[in-house]
Structures are given as structure tokens and as C-alpha cells.
Amino acid sequence: MKLIECVPNFSEGRDMKIIDQITDVVKEIEEVTLLDADPGDATNRTVVTIIGTPEGIKEVAFQVIKKASEIIDMSKHKGAHGRMGATDVCPFIPVSEVTMEDCVRVSEEVGERVGRELGIPVYLYEYSARTEERKNLANIRAGEYEGLEKKLRDPHWKPDFGEAKFNPHAGATVMGAREFLIAYNINLNTTDKKLAKEIALNIREKGRWKRDENNKIVRDEKGNKVRQPGKFDYCKAVGWYIEEYNQAQVSMNLTNYKITPFHLVFDEVCRQADKLGLRVTGSELVGLIPKDAMIAAGKHYLRKQGKSVGESESELVRIAIQSMGLEDISPFDPKKKIIESYVEDRPDALVNMTLAGFADELASDSPAPGGGSVAALAGALSVSLSAMVANLTYMKKGYKDVSGEMDELSEKGQIMKKKFLDAIDSDTDAFNRVMKAMKKKAKTPEAEEEKKKEVEEATKKATLVPFEVLNMAVESLDLAMEAAMKGNKNSVSDAGVAALTACASAHGAYYNVMINLPGIEDEKFKTDITMKANKAIEKADRKLKEVQVIVNDALGLTPSVV
């Protein structure tokens, strides 16, 4: 599922009535979830954390900024934290299946709308910044709200969106895309914070002062102290003693976990601790973490053990928790610590049902779930079978020369399985959105036109879900082909079933694409989808026949048995 985190900071941390009005807006918007609202009295500031789909996040960001501009008066605001607007800063962070470029586009679209519709000057920062100077939030915020009117008169500080006109009520907003920050502590079997600090100085990006053989600080030709960089970029670390735990910790913020993964930091701290005669007893996460960081950690430790990484997400998360001692201090509940869980772990989700429960729901008189969800399920079963064959082949006698390929196949199968499973609910959700749009009452010509547009867009989305399943099903046949050709011969029948279910998934998805097209008025969209869907289904049929030849030959069956 495509997910973005949005963390708007509002210049109000004392009046809960105002804060509640802002967070209530979040609860009214579809495809987003309110994770947290953290008010601060001294700072007079509230940090709100929201997660959702790109479309949901774009809408909720605009609406909360709009609400804040209506109920927060910056001319009366006082607080310890720097600020320049009612919504002071609004960052967008990629979480799942979205890129930083996607978040930059979201920040630009929201920023343009805020400037145009609300009359609030908007500055872009971090990855969205259009000049080097504006990357740093502190540079943009310099002078704060009190200096904003003068700043806007300076052509050098013309806002990226909106007029260079002072809005005394709402001030200005800084908006942009940035990486996810992981707050992470590693526990040591000592109470000596000096030893923890020693490790922190070695690993943090800033490093320490460089010293010569006599332990004197090295200076350059101008007499300035020279720094010796630490091991990891994007790592801020300190060493301290926690009385509650009666042990020292290396505490850090990892500001780009994709470049500096937290499992590599853990391994390095273990090495550093060993040099000092210490032992790492475990670690703890403060706050939430993206799932892909946990998945990467699980795969890392499986590789160190010489095992295939083609395991389920839940198993990879379990391995990461165990390998890094993430339950050393307190229980680690993935449903509460992994950010995607707040959206994916829906109690009403079809994927959370038992097989019998899903079949019962399917057989009811409700039109959804229907064929689209079943097509997605068939795809999930297909890639699961291919992954199983790969795992039964990996490092087995007689197959070691293809173990690398089987490792890749099983890993890819697990990734595709998750996408198919997501599509089971996405297909039903898309159908329900079409029904909701159709049932919407329109009492004026303008409302009728708006309803028509809403139905059109909802129907397009309901078409694109099975269209994506169709394309994935075709790709799934490649996995079944490789499993049949190179996998354990004792499981060749499983590879055959994987191909059959993949083709069933493709045809089921194709039918659900085609049944939606008559309800769409956009002829270009219909022509494009029809052409691509027809090519995909032809490819699926061709690939199935190729796999069946391999399987039939391995089983000694005649070509007629198909």
C-alpha cells in the first residue's frame, strides 16, 4: 500500500479546544489515520502525526492547515519554540511504496493550493527546496513570525507559493519532503556513561576531536580544532545512564535509515562494546519505525546465518526483534511499533479473515467482495507456491548452483504476495467508493456535475486495481516458470499449480477491468487500458502453455492432459 506520513506542527499547545478542532478534521477524511497529537505547554506547539495514502494525505494536509489558519491567531501567539505560522512546518515522509520524489510532488501540490486558496505564503524546504539556502528550516524561519512582514518585502525571500504578502493571522508555512527519523537506543551491561559516550563518539556522524599520539587535540593551520568523523552518516548519538534501567545506553537519532540502517548501527555498537570489554544486552525503539526498516534487518540477519531471505514479513520482523534484542527492556508489539500497522491492521480487513470466514462472506448476498478480490487471492496463492518451491530448493543437495536464483525468487514471491493480499481489500474498497459516489445526493446542477466527476474518478480507480492485479499475475507466471525449470523436481507439480492459479488470477482481473470500462467517459483512458489489458491476457495464456509443457514433460504426461 502506498503510504505517506505527514507531521504538521501547529502553533498552539495549551488550548485543547483548538487542538481538538484540528485533529477532528483528520478523523473526517478518508484514507488517513491520526497516529498522535503531542501538545507542549512551554513551547505552545502541537505536533500531529498522520499516515495515509498520497491522495488522502494531500487532502488532510490542506484541510488541517485551513482549519489552523481559521482558529489560531499568530498575532497573539507566544511560546518557547521558534515559529512563523499557525501551521509552522508541514513535512511529508515516504513510508511505503512511495519515493522521496513522490513526497516532493505532494508538498508542491499542497503548497500551491495553500498559497492560492488560503493566501498563506509557503516556503519549500529539505528535499523540496528549490535553492540550497532553503533546504535548512532554520534559515527560512530566521526572524520568526515577528520578522516575517519585513522578510516578505525582500525579493530574496519571495515565497515558493502564494503572494509575498503578510498574513497577520496565519503567518507563513514551511513545507517539504524529508526522511523518516528513527529514535533508537542500544543497551550496555554497564552503568558507566563514559563508556557509552566513547562508543557514541565513534559512531556518530559528527565524530570527535582528532588527537595526536600524545592525546592532544589536533589543530589546522588557522588554529581551529580538527574533527575526526564518526562511522555513520545521518547518525546523531550520545552516551548516557538511565537510572530507571540501571544501565548505560548509546542513544541516537538516525535521520536517514535507508543510508544508515539501524541494524548496521547495532552490529557496529556490538563490535565497539566488545573492544571495551562490554556487552550489548539489547536495544529499544522510541516511537514508531517503518516496516521496511524491520524487514531489511530481518533479511540482514538471515543472510548472516546463511539462510534464504524469502520469508514472510511477520517472520522477518520476528527475526529482527530477536536478533537485536528489541524486547530487552519492554515488550515489542509490531502492531504498536511498526507505523504501517496502524493502517494495514484493519479489524474488518478481508485478509484477516479465516478461509472459512472469507468464503462465507464471499457467498453472501453482498456484491463485495467479489471476483476482483478472488482474482487477487489467486495471485497471492500463486506466488506463495512459487516461493515455497524456491525455499524447498535453496541449498538442497543437487541444487546449490541455483541457490542464488532461488533465494531471489522466494524473496520476490514474498514481496508480490503482500501486494496481492493488499489488493484483496483494495478491490472491495474501490467498489464501495463507486457505490458511495453513486448514492451521493445532488440537489443542484453544480452538485450533480461534482457527483458525476466523483463517480468517474472512483470508477477509474476501481478499474486500475484489477488492472494492476492483471499485470502482477502475468509477472507471477515468470516466477512459476523459473520454479518449474530450476526448482526441486519433487515440487514441479506445485510450480504447475502456481502457473494455473496465476493465469486464473489474470483472467479474473481482466474480467473485472472490462466490466468497469463502460461506466467511464474518458475515451483515451478506456482505449489505453483495453489495449494494455488485451496484450497482458495474451501474454498470460502464452506463458501458461510454456509452463505446462515443462511440467507435463517432468511428470511424463502427454500434451493432451492440459
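Throughout, read-outs are computed from the coordinates displayed, never taken from laboratory work. Since the structure is predicted, the reported quantities are computational estimates derived from the model, not experimental observations. Here the Cβ positions follow ideal geometry from the backbone for every residue, glycine too, while neighbour counts run over all protein chains shown.
Within the shell defined by Cβ-Cβ distances under 11 Å, the residues around residue 296 carry a net charge of +3, with Lys and Arg each +1 and Asp and Glu each -1.
I need the shape label for region 182-342. Rule: rounded when a/c is under 1.5, else prolate if a/b > b/c, else oblate, with a, b, c from the alpha carbon gyration tensor. Prolate, since a/c reaches 1.5 and a/b exceeds b/c. Hydrophobic long helices, here whole DSSP H runs in the chain with Kyte-Doolittle means of at least -1.0 and Cα atoms spread over 27 Å or more along the helix axis, are found at 371-393, 403-439, 445-486, 492-516, 523-555. Ranked for footprinting exposure by Cβ neighbours inside 10 Å, fewest first, 245, 145 give 245, 145.
Extension gain for the segment residue 364 to residue 99, taken as residue separation times 0.36 nm less the Cα-Cα distance, is 91.4 nm to one decimal. Less than 12 Å apart at the alpha-carbon level, and either on another chain or at least 8 residues along: which aspartates and glutamates does that give for residue 258? Those aspartates and glutamates meeting the cut-off are 179, 233, 292. Dipole magnitude for region 1-128: about 500 debye, using +1 per Lys or Arg Cβ and -1 per Asp or Glu Cβ, origin at the Cα centre.
Legend: residue pairs 67/418; 231/307; 486/524, Cα-Cα distance threshold 32 Å; pairs beyond threshold, 67/418; 486/524. Of all lysines in the structure, the ones whose alpha carbon falls short of 17 Å from that of residue 150, not counting any fewer than 8 places away in one chain, are 158, 165. Computed from the alpha carbon positions, the gyration tensor of region 436-529 leads to an equivalent ellipsoid with semi-axes of 41, 11, 8 Å, biggest first. For region 350-555, the equivalent ellipsoid derived from the alpha-carbon gyration tensor has semi-axes of 38, 18, 13 Å in decreasing order. Which net charge results for the neighbourhood of residue 455, defined as the other residues with beta-carbon distances under 14 angstrom from its beta-carbon, given Lys and Arg at +1 and Asp and Glu at -1? Combined, the nearby Lys, Arg, Asp and Glu give +2. With an a/c value of 1.5 or above and a/b not larger than b/c for the gyration tensor axes a ≥ b ≥ c computed over the alpha-carbon atoms, the chain is described as oblate. A straight Cα-to-Cα reach below 16 Å connects residue 451 with the lysines 436, 439, 440, 441, 443, 460, 461, residues fewer than 8 places away in its own chain not being considered. Model label sites at residue 14 and residue 163, defined 7 Å from Cα along the beta-carbon direction, differ in position by 3.3 nm.
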